[in-house]
1. Report the residue count in region 263-285 for those that are charged (D, E, K, R) and without any contact (Cβ under 8 Å) to a residue 24 or more places away in the chain.
2. So, in region 143-196, exactly how many residues are of a type in the set (Asp, Glu) and more than 10 Å from the ligand (Cβ to nearest atom)?
3. Find the residue count for region 216-240, including only residues that are free of Cβ contacts under 8 Å to residues at least 12 places away in the same chain and either in contact with a Phe, Trp or Tyr (Cβ under 7 Å, 6 or more places away or on another chain) or within 16 Å of the ligand (Cβ to nearest atom) (or both).
4. Mind checking which residues of region 115-140 are in contact (Cβ under 8 Å) with a residue 60 or more places away in the chain and among the aliphatic types (A, V, I, L, M)?
5. Looking at residue 186, is it among the aliphatic types (A, V, I, L, M) and free of Cβ contacts under 8 Å to residues at least 60 places away in the same chain?
6. Does residue 168 count as without any contact (Cβ under 8 Å) to a residue 12 or more places away in the chain and farther than 27 Å from residue 255 by Cβ?
7. Quick check: is even one residue across region 104-115 in contact with a Pro (Cβ under 9 Å, 6 or more places away or on another chain), over 17 Å from residue 176 (Cα atoms), exposed (fewer than 14 other Cβ atoms within 10 Å of the Cβ) and small (Gly, Ala, Ser)?
8. Of all the residues that make up region 147-176, how many are charged (D, E, K, R) and more than 21 Å from residue 93 (Cα to Cα)?
Amino acid sequence: MIVHNLVNPCVALGSQLSVSGHRNYPFVVRCNKHVSSKGDIASVSLQSPSVPITSDAVAVASDRKYGSKQVISLSPCLYDYILTNVREPEILRELREETSNMRGSQMQVSPDQAQLLAMLVEILGAKKCIELGVYTGYSSLAIALVLPEGGRLVACERDAKSLEVAKKYYELAGVSHKVDVRHGLAVGTLKSMIMNGESCSYDFAFVDAEKRMYHEYFELLLQLVRVGGLIVIDNVLWHGKVADPLVNDSKTISIRHFNQNIMEDQRVSISMVPIGDGMTICRKR
Ligand SMILES: C[S@@+](CC[C@H](N)C(=O)[O-])C[C@H]1O[C@@H](n2cnc3c(N)ncnc32)[C@H](O)[C@@H]1O
């Protein structure tokens, strides 16, 4: 980004300029007077930011009783930096890039989220997992890749077309034998699993399907997951709308209620993590 932004300032040779690489990241550029034989600027040096580079990259709670503790607030620049520090398997990169041209690509979990999901599965030593909302398979593939050979992921999705992409990538990654694809509505699949006597046998569940169904998914998954197992719910911050009192559409209200209920639900330990669009990790007690 910095190099890109140096093109225009260089016309003002020898002067000091404030260049707005990003509104949160003003910096000062000094273009040295030396000019190469081609007439280009031979060297350009960055100097200390005119304001601290972290000035807008933090948030502080409005309640003064939390003190002046600063927590990180992601700018596009900082998010790009995080992405450069994600270890994304090659096959996931290919799937992400293919999906980026498809309708609904914004629904896919981010690489940093997928990495966290995979790590939770690894930490748990999970063998039996469930995912609600597969789309083209990014998060499910991330989970399947770290499951042991005998492990199984029940992958629930209602849309046949996006499932075709997911299945292609399970094949390419050599993990098809670990993924039990269930085409249909997630609630029906979960109920049939309970009817089949699979209660308390799952280690891990990831919820990323219909937002207004979160309560029902959670209750069913709480039956299917064992004590000590995890239920991870995506989109709990819902693009920030949950904290905006002026937004009251049905999905926002539903997620707000869900968050409130989880907060009070003593059957699980919880942690709301501001990653992606917000994920709550619940551990069944
Ligand atoms: C946010 S996307 C999932 C993204 C996916 N986890 C990923 O990382 O690529 C939500 C998916 O849930 C599916 N879905 C929505 N409602 C559903 C339901 N009631 N049952 C099953 N799938 C559903 C949608 O078709 C969509 O593909």
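The values are calculated or read from the model by the stated rules, or taken from the named source; none is laboratory data. Source: prediction; values computed, not measured. When we count neighbours, we look across all protein chains shown, and the Cβ atoms used for this are built from the backbone with ideal geometry, even at glycine.
1. Final tally of qualifying residues: 2.
2. Count: 4.
3. The qualifying residues number 1.
4. Correct list: 116, 117, 120, 121, 124, 126, 130, 132.
5. Spelling it out, residue 186 is indeed among the aliphatic types (A, V, I, L, M) and free of Cβ contacts under 8 Å to residues at least 60 places away in the same chain.
6. Against the criterion (without any contact (Cβ under 8 Å) to a residue 12 or more places away in the chain and farther than 27 Å from residue 255 by Cβ), residue 168 qualifies.
7. No; the residues of region 104-115 include none that is in contact with a Pro (Cβ under 9 Å, 6 or more places away or on another chain), over 17 Å from residue 176 (Cα atoms), exposed (fewer than 14 other Cβ atoms within 10 Å of the Cβ) and small (Gly, Ala, Ser).
8. Going through region 147-176 one residue at a time, the tally reaches 5.
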